[in-house]
Amino acid sequence: MKLPLQITFKDIDVTESIEASVRRHAARLDRFFDRITRCHVVVSASKLGRRKGRLYNVRIDISVPQHEIVVDRAPAPDHAYEEFEVAIREAFNAAARQLEDHARRVRGDVKAHAPPPHGRVKALFPDKGYGFIESADGLEIYFHRNSVANDAFPQLEIGSEVRYVAQEKESEAGPQASTVIPVGKHHIAGPEAGGA
């Protein structure tokens, strides 16, 4: 990166292992886009209770020419984020996906004005924080609550129309969306929108 990495810790004791993990993951971001001008990582933790551990939250703000990328990974309800390495890895994986998407747009691999594909929420598991989208061609695409824009996962319902950006590599669950954007019904044009 052109500018030094900035790391901020909130409500957490700074340890060498946490700082080393952040630095290791941040150093890999250049592989996805080599014109990063700033990277600010905030690692915070919240207590779960006397007998339970802490949940880690990781926020990454990345500046690239004429664009900002923000990843804010709130603790997952399944308590996987009690391990700081899991929280850090998930946040940096999301940042890498966004950097890859940005790099493709900059190279012209993806037309900036072309809308992302759309589909409908086919299955939803709110207690586990994920769901599936059915694409226009019938493909089932996995998505996690953290990939839903504007923290809108709680507003999704079966049948909700969404636009999505699919990852190039499949997850264990098959095709996966890196970004999901809920769309009002009047914004989607498709065969069911009809015409005269």
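Where a number appears in this text, it was derived from the coordinates with a stated rule and is not lab data. Since the structure is predicted, the reported quantities are computational estimates derived from the model, not experimental observations. Here the Cβ is made from the backbone with ideal geometry for all residues, glycine too, and neighbour counts use every protein chain on show.
For the pair residue 151 and residue 107, how long in nm is the line joining their label points, each one 7 Å along Cα→Cβ?
For residue 151 paired with residue 107, the spin-label model returns 3.5 nm.
Could you list 151, 72, 101, 13 so that the one with the fewest beta carbons within 10 Å of its beta carbon is first and the one with the most is last?
13, 151, 72, 101
Cut-off is 10 Å between beta-carbons; in what order do 178, 46 appear when sorted fewest neighbours first?
Listed from fewest to most nearby Cβ atoms, that is 46, 178.
Between residue 35 and residue 72, what length in nm is gained on full extension when 0.36 nm per residue of separation is reduced by their alpha carbon distance?
Details: separation 37, 0.36 × 37 = 13.32 nm, distance 2.12 nm.
11.2 nm is the gain from fully extending residue 35 to residue 72.
Based on the Cβ-Cβ distance from residue 165 to residue 14, what FRET efficiency comes out when R0 is 30 Å, to the nearest 0.05?
So, using R0 = 30 Å, E works out to roughly 0.30.
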